[in-house]
1. Please work out which residue is farthest from the other protein chains (Cβ to nearest Cβ), limiting yourself to the stretch A:159-185 and to residues that are over 24 Å from A:Gly197 (Cβ atoms) and buried (at least 17 other Cβ atoms within 10 Å of the Cβ).
2. Go through the stretch A:500-538 and give me each residue that's in a loop (DSSP other than H, G, I, E, B), open to solvent by 20 Å² or more (accessible area, probe 1.4 Å) and out of contact with any strand residue (DSSP E or B) (no Cβ under 6 Å at 6 or more places or on another chain).
3. Tell me, yes or no, whether the stretch A:555-562 has at least one residue that is in a strand (DSSP E or B), on the phi > 0 side of the Ramachandran plot and modelled with pLDDT under 95.
4. Of the numbered conditions (1) of a type in the set (Val, Ile, Thr); (2) part of a helix (DSSP H, G or I); (3) open to solvent by 50 Å² or more (accessible area, probe 1.4 Å), A:Thr451 fails exactly one; give the number of that condition.
5. Please specify each residue of the stretch B:194-208 satisfying the condition of being modelled with pLDDT of 95 or more and of a type in the set (Gly, Ala, Ser).
6. Could you check the stretch B:394-408 and list, in sequence order, the residues that are assigned to a strand (DSSP E or B) and buried (at least 24 other Cβ atoms within 10 Å of the Cβ)?
7. Hey, does the stretch B:545-559 have a residue that's surrounded by fewer than 24 Cβ atoms within 10 Å (Cβ to Cβ), of a type in the set (A, V, I, L, M) and within 26 Å of B:Glu357 (Cβ to Cβ)?
8. Can you confirm whether B:Leu373 is assigned to a strand (DSSP E or B), open to solvent by less than 10 Å² (accessible area, probe 1.4 Å) and in contact (Cβ under 8 Å) with a residue 24 or more places away in the chain?
Number of protein chains: 2
Amino acid sequence: MPSSPRDPVRVSFQPEGRSVFVLPGTALIEAAVRAGIVLDTPCGGKGSCGKCRVEITANPPEPSEADRRHLSAEELALGHRLACQTRVFREASVSVPLATRFFEQRILTDGRGRRVALEPTVRKCHVKLPEPTLEDSRADLERLLAETHQSDHEPGLEALRELPGLLREHGYDLTTVTAEGHLLALEPGDTSSKNFGMAFDVGTTTVVGFLLDLAAGKEVAVASCANPQIPFGDDVVSRIDHAANSPQGLQELRSRIVECLNDLAGECCRSASIRCSDVYEATVVGNTTMLHLLLGVSPAFVAQAPYVGVWKRSLNVRGEEAGLQIHPRGLVHILPQIAGFVGADTVGVILASGMHESQAPTLAIDIGTNGELVIGGRDRLVSCSTAAGPAFEGARIRFGMRAAPGAIDKVIINQDVEFNVIGNASPRGICGTALIDLVAELLRVGCIDRTGRLLPPEELPQGAPDIVKRRVVEGDKGLDFIVVDRDRTQLDGPILLTQRDIRELQLAKGAISAGVSILMKELAVEPDQLDHVLLAGAFGTFVRRSMARRIGLLPNVPSEKVLHIGNAAGAGARMALLSRRCKEDANRIAERTEYLELAGRADFQMEFGSAMLFPEL
Amino acid sequence: MPSSPRDPVRVSFQPEGRSVFVLPGTALIEAAVRAGIVLDTPCGGKGSCGKCRVEITANPPEPSEADRRHLSAEELALGHRLACQTRVFREASVSVPLATRFFEQRILTDGRGRRVALEPTVRKCHVKLPEPTLEDSRADLERLLAETHQSDHEPGLEALRELPGLLREHGYDLTTVTAEGHLLALEPGDTSSKNFGMAFDVGTTTVVGFLLDLAAGKEVAVASCANPQIPFGDDVVSRIDHAANSPQGLQELRSRIVECLNDLAGECCRSASIRCSDVYEATVVGNTTMLHLLLGVSPAFVAQAPYVGVWKRSLNVRGEEAGLQIHPRGLVHILPQIAGFVGADTVGVILASGMHESQAPTLAIDIGTNGELVIGGRDRLVSCSTAAGPAFEGARIRFGMRAAPGAIDKVIINQDVEFNVIGNASPRGICGTALIDLVAELLRVGCIDRTGRLLPPEELPQGAPDIVKRRVVEGDKGLDFIVVDRDRTQLDGPILLTQRDIRELQLAKGAISAGVSILMKELAVEPDQLDHVLLAGAFGTFVRRSMARRIGLLPNVPSEKVLHIGNAAGAGARMALLSRRCKEDANRIAERTEYLELAGRADFQMEFGSAMLFPEL
């Protein structure tokens, strides 16, 4: 039975053997992000740098123009393609070379080593004990812990109850499972090669789970889904309201997200053919609100001045207590937070990027409804949060939508308005990246001025393409720009960009860039002193750097200094799972990262006002 | 409504204000032991030393002869009496002066101080926090822990969930409850003066619970009852069998004892007018088997060679996990054990006696079905366990019974056999202490020879009282001694001591004194080098020292060196509750006390054989 063109298709990535299901027409680079693999795309996915080469091992699609420009005929014949220019329409197996990977590249280039020395918190130790005699009548526990050199470990009651039977039924041959000075469990025989962990990135919109083999130090599965709390509100504030206002609200939100993590863990474990109880640790990053909801702790006061969370430090909770269906005595490690609106996800971004160890200052930007910003390096790290509003996610924009099939995600103005639609369908709206493209291009051709005003045809500059002039029309509330004519949309009418949409974008980008300005002022750093500008998260991965710079969303640094680091928060959670040292690093990061409360600063309103202007060329 | 003569009567002790219920006719000294108050009785409770003076504040009974001998008319008028000579028949309030108390006396005399510096594991800290502002936006937890100087403490999930509401509903004024680096709970306002703990002594026969006010460092209530596991067997071996043989056996025994501890805690809390959830810690001593059953850990292998327990070290378990109805996040501290048959009760005895700190060697003997013996001092401590059998508890003795109403508990042979009966009733049997008296007295008058043979009338020495000769009669299986003529018993016939009973006593005392000999040999200690011989436990409290020495149960030391230390195991549990240092002491004691496995020693059978003989005079 042929699958319908809208059925998700499977893309597997090698050598990880990790698979994800994506909608037909999804860019390969996006599929890779979903699979937790971040590709290096210095050109921002425009097909111009040729860095994101991958090998499609069966049925590669027709090469794109960019493919032909960057790859030899021989390479093309072998299935080499640029991931940013390739869209997936059928099942595919994709091999990602080391040089194409962002994190591995950074290891190669700066030698700082974000590659993690394997040192998981949960340890297994196989032992064959001498049997007790009248001369050696140590108690079972003391015998076991002495022989495994863990005499300082505390046994749990359950392990104690299992111990005598287990020892005698299996010839005193068993494996201990320990963590943080506690004996968590006992397993008969030698199971030391079977040690698994889950890393979770709990986003307001998307939740991702990674299954890691902690004995081998590699990932074995990944799964993701939409956050099932979305029906209660698509931003953190509405979730907080729901948790605070209805008596059962907190519990409702908690059980949704707990169930979701259990589903992801279940999916990963099934695909790796292991039992969920083989998973002895889970690490979790997320924003402050998501973590409060996950643990059933009220986030009510995060949303009210002075915006304080209930806790900041990293937490260890028993799997059972957290409701996670890993081993009931397994460990759930919640990474630490920085402040009420700068959560463990930001700690994960800093940890994964390694910026906390860098000499020259780096700026990291994670854009969502809130923008979380961090600047600094080895000597000092300063963070802030700025309410960008939901414009980048398509909300409050007349034809705005999320980056889903039917969304225009890319716009270029040449002779006319050219665009790309996700899922290769006719367009039904504009997502955040396209909104930025559109405004940047209209600025370029002079159709919008520095203040954000959409110019009427008679005020357009001489060089403006005629076809563009034609598209500026009188709307209900001022001028509109016709992005797509009505006959080319899925809708009853044209897709428009309104004057009000531009104002929304100005508010959003103004909030971000005012935050960036204040952080740079705080550290007395000029744009040319920045080592890198890191763009994290899904939005950060797909926004085109030149366009973002054109509208003034990013400081004015050369394109090659702007790096897309993908789901760096999730990468941080994976690192913490692989290594106790990374957990300690994360604690130190949270401890030393200062938090600037913009709401408390007189200069923020000033900066914000001027940041709403578009930069001069 | 007048109470029936067999209804328990209440005796309260001052200044503790502690009450116990006892059967009418119980000796006041025994009631005091049940209330956890150990009186000094150098003469062994014979009324000859006059040390155990107490003041009965209302309705004192008629003075005894001993009372008149030791106390002035004025004192008698004030209600002063000797506790060892006074039996309780109605509700009484008894004031116990300091000089009469065993432990306090020892403090006064040897200055080593078994008085404990108050330093409970569970601490309460009241704090009024500065409210958060934009300038001080620390998270709730970090604010709380910084202000209470507990930043290194780990919060439990439940405390975290309560925290934000509690802070804001009570004006940031609250009390933290912490233990061992964990934040257990939060209470609104200042509750720092309300800190309670329970100390439990779980014996095979009797269970005692003490409620301590850990803020004031004093006991506020005590309760005791028979171990409700007794229907499953009255010794540890039959309990172990029940736990090991039936699938539900372990669970059955566990829930019985857990329920029992909850009942005792409930009784104490009611009498002190506090809630059980105000109790944040429980400490527990008991023999190895009792502790295994309490935690639901199989004791099956304790009873089989090489007699190993599942654990030895001290354990901390959450109240909830242990099933105890103290605060669910409260701590249950199980004191450490020494070996399979030398449990936490022996550690408690050593701790309470302070023998581990003494220069000269001390011998401590805790006699029950098993005898636990410890010898040594500051430099070395050696323990062993010896199966005395149940003879001291009246089992396997033709007319044997426990020390209950109707039991003869004391025998003297003057012109005839004189005896005392518990509960002032006509006698129906002989308890362990009377068995020892009887054999000791028959040895003295020459009616039993060194080998334990009951001599026929014709072999009796010249000086033997005629009346005694008349009492040696031919029975079914050899000679019997008529203790009580048929017309003076509750029974259909006389109360007899059989030749076989004497053999049982020889086996029991032989096991104990062979153990003592081997321990003394191990330390190369002669009787005259012993600093003290300590008799612990209920049996140890009531056995008369001279009689015990006469039959060779105790080494040949002067009476004043033999001290009754009462429920020293329970005293050890109370000390551990009052002080973390005592917990550490207990751990060190368990760690350093060596264990001699008598079953593995060739010399034990030899010693046992000769120890069955009675000593020459």
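1. If we filter the stretch A:159-185 for residues that are over 24 Å from A:Gly197 (Cβ atoms), which is where we start, we get A:160-161, A:163-165, A:167-173.
Narrowing further to those that are buried (at least 17 other Cβ atoms within 10 Å of the Cβ): A:160-161, A:163-164, A:167, A:172.
Numbers: A:Leu160: 5, A:Arg161: 5, A:Leu163: 6, A:Pro164: 5, A:Leu167: 9, A:Tyr172: 12 Å.
Selected residue: A:Tyr172.
2. Going residue by residue through the stretch A:500-538, those that are in a loop (DSSP other than H, G, I, E, B) are A:524-526, A:530-531.
Keeping just the survivors that are open to solvent by 20 Å² or more (accessible area, probe 1.4 Å) gives A:524, A:526, A:531.
Result: A:Ala524, A:Glu526.
3. Restricting attention to the stretch A:555-562, the residues satisfying the condition of being in a strand (DSSP E or B) are A:562.
Checking the rest, the ones that are also on the phi > 0 side of the Ramachandran plot come to none.
Taking every residue of the stretch A:555-562 in turn, none turns out to be in a strand (DSSP E or B), on the phi > 0 side of the Ramachandran plot and modelled with pLDDT under 95.
4. Failing condition for A:Thr451: (2).
5. Hits for the stretch B:194-208 are B:Gly197, B:Ala199.
6. Residues of the stretch B:394-408 that are assigned to a strand (DSSP E or B), as a first pass: B:400, B:407-408.
Residues satisfying the conditions are B:Ala407, B:Ile408.
7. The answer is yes, given that some residue of the stretch B:545-559 is surrounded by fewer than 24 Cβ atoms within 10 Å (Cβ to Cβ), of a type in the set (A, V, I, L, M) and within 26 Å of B:Glu357 (Cβ to Cβ).
8. yes
The values are calculated or read from the model by the stated rules, or taken from the named source; none is laboratory data. Everything numeric in this text was worked out from a predicted model, so none of it was measured. Note: ideal-geometry Cβ built from the backbone for every residue, glycine included; neighbour counts use all protein chains shown. In case anyone asks, the SASA skips ligands and DNA or RNA and just uses the protein heavy atoms, side chains included. Shrake-Rupley method; radii C 1.70, N 1.55, O 1.52, S 1.80 Å.
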